[in-house]
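> Have a look at this one before I ask anything.
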């Protein structure tokens, strides 16, 4: 995190407009994060850091997400657990973004903080109801607002994961794969890519 997320030689305030920096200061105060620490962060890390506390206050506890629940269940059943990516690689996806894309990500998160948990409520509602069309529309909106970010965090990872799933499918037995909801929808989602590669994909 220190290696890829901080840039003390180039303060964050110097990369933002006065209006956006004021939003950062307000979000930092709400989150209880010292502004001196935020000032040293690269835009992508500030965008992730400042959104955590407001989401938690709104009831979205990161420690109670579907991924955590599934992992606990797998451990309880003595299942073999593997991951497609290392934590460092996940950080590299963000840190490899252009500075413009990082700033766009930060600014969009600041706007969502100011608007309250509306976006997350909408996504969670669509996920719980199984409304894939609604989720797809929301992901396409994200693509339009930040194409570089979407390509890096969604498309390129989906392609890599499908390569790994194809390798798994050459083996024996049954495997259970869990990915985030945003990776499941659209023409570039994991199910669509697997179907294009000749696998039988059946909605549950």
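Bear in mind that the values in this text are calculations on the coordinates, not laboratory data. Quick caveat, the model's predicted, so the values are computed rather than measured. Cβ atoms come from the backbone with ideal geometry, glycine included; neighbour counts cover every protein chain shown.
> What ranking do 72, 85, 136 get, fewest neighbouring Cβ atoms within 10 angstrom at the top? Walk me through the numbers on the way to the answer.
Values: 72 10, 85 14, 136 17.
Going from least to most buried by this count: 72, 85, 136.
> May I pose another question? Mean separation of Cα pairs under 8 Å and 6+ residues apart, divided by the residue count of the chain: what relative contact order is that in percent?
Numbers: 158 pairs, mean separation 37.7, N = 204.
After rounding, I find 18 percent.
> Considering the chain as a Gaussian network with a 10 Å cut-off on Cα pairs, which listed residue, 54, 87, 11, attains the greatest mean-square fluctuation?
Evaluated over the chain, the most mobile residue of the options is 87.
> Here's another thing I want to ask about it. Could I get the Rg over Rh figure for the stretch 115-204? Both from C-alpha atoms, Rh via Kirkwood, rounded to two places.
Values: Rg = 14.3 Å, Rh = 14.2 Å.
When Rh is taken as the Kirkwood radius, the ratio is 1.00.
> Continuing with the same structure: Would you mind pulling out the separation of the Cα centroids of the stretch 161-204 and the stretch 13-47, in Å?
Their Cα centres are 38 Å away from one another.
> Treat the count of other C-beta atoms within 10 Å as a stand-in for reagent exposure and order 29, 134 from fewest to most. Mind dumping the intermediate values first?
Values: 29 11, 134 16.
The fewest-first ordering by Cβ neighbours comes to 29, 134.
> Gaussian network model of the chain, Cα springs within a sub-10 Å range: biggest mean-square fluctuation belongs to which of 63, 158, 78?
78
> In addition: Rg over Rh of the stretch 127-166, using C-alpha atoms and the Kirkwood radius, what does it come to?
Details: Rg = 12.0 Å, Rh = 11.2 Å.
Value, to two decimals: 1.07.
> How far is it, in nm, from the label point at residue 142 to the one at residue 85 when both lie 7 Å from their Cα along the line to the Cβ?
My value for the distance between the label points is 1.1 nm.
> What residue among 14, 187, 77 shows peak mean-square fluctuation when the chain is described by a Gaussian network model with Cα springs under 10 Å?
Highest fluctuation of the listed residues: 77.
> So what's the stretch 72-168 giving for Cα Rg divided by 2.2 N^0.38 Å, two decimals? The partial results should precede the final answer.
Numbers: Rg = 16.2 Å, N = 97, 2.2 N^0.38 = 12.5 Å.
In units of the globular-protein estimate, the stretch 72-168 measures up at 1.29.
> Above 17 Å lies some portion of the pair distances; for the stretch 1-60, what is it as a whole percent of all C-alpha pairs?
Looking at the stretch 1-60, the distances longer than 17 Å represent 34 percent of pairs.
> For helix 43-57, what angle does its Cα long axis make with the longest principal axis of the chain, in degrees from 0 to 90 and rounded to 10?
80 degrees
> Taking the convex hull of the alpha carbon atoms in the chain, what volume per residue do you get, in Å³?
Numbers: hull volume 28.7 nm³, N = 204.
Given the Cα convex hull of the chain, per-residue volume reads 141 Å³.
> Follow-up question, since we're still on this one. Using the Kirkwood radius over C-alpha pairs as Rh, can you work out the diffusion coefficient of the stretch 1-100 via Stokes-Einstein at 4 °C, viscosity 1.567 mPa s, in µm² per second?
Details: Rh = 15.6 Å.
D = 83 µm²/s.
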